[in-house]
Amino acid sequence: MPDYPLLLRASDIAAMEPEHKTHFLNPRAVRTQRSLGDATGLGHIGVHLVEIEPGFEATEYHMHHEEEECVFVLSGKGTAVINDVEYDVGPGDFIGLPRATAAHNIMNTGEETLILLVMGERLAFDVADNPHQGKRLYRHRGEWRMVALDQTTPIRGGLPPRRD
């Protein structure tokens, strides 16, 4: 038997100490979250109960090249930005984000706390573009690297010739 619970009751979740996060690329991306997946031993999928106060955002506008994400709106109202198009979202709405499909973010544009259930893969490797920041993040086994998007070079048809 594992040393962590496989079932979290509503009272267990309410008693969890929330983690307060601010995205390093976006000071308006302030949220609290309870990592339900971590608490139950999930290693390949992140499951988070996320709360965003009015006027704040969930994260920095981004797109994952390798990982899939999804968001279910539990309560509150907000605006989802998907590929630079804004959509009003509210309780019961679901957003599916297949890999390499859509840059996205969610803002709390309502009057009350926006509460989301956010889930995503946890692959050993991912690449995430932050197009509004002009940045690309590489993550490999817990190590993160960031480069400017305009400093990346697409390679088609093989490597460029060597210059000695």
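A short reminder: the numbers here are calculations on the coordinates, not readings from a lab. Predicted, not measured: the structure shown is a model, and the values here were computed from it. In this analysis, Cβ positions are derived from the backbone assuming ideal geometry, glycine residues included, and neighbour counts consider all displayed protein chains.
Side notes on the structure shown:
- With only the Cα atoms considered, segment 1-73 has a convex hull volume of 124 Å³ per residue.
- Simple Cβ-charge dipole of segment 1-146, Lys/Arg +1 and Asp/Glu -1, about Cα centre, in debye nearest 20: 360
- Here the contact order of segment 20-124, divided by its residue count and restricted to Cα pairs under 8 Å and six or more residues apart, works out to 33 percent.
- Comparing Asn108, Asn130, Asn26 in a Gaussian network model of the chain where C-alpha atoms under 10 Å apart are linked, the largest mean-square fluctuation is found at Asn26.
- Over segment 20-124, the fraction of Cα-Cα pairs per 5 Å bin, rounded to whole percents and listed from the shortest bin up, is 3, 14, 22, 27, 23, 9, 2, 0.
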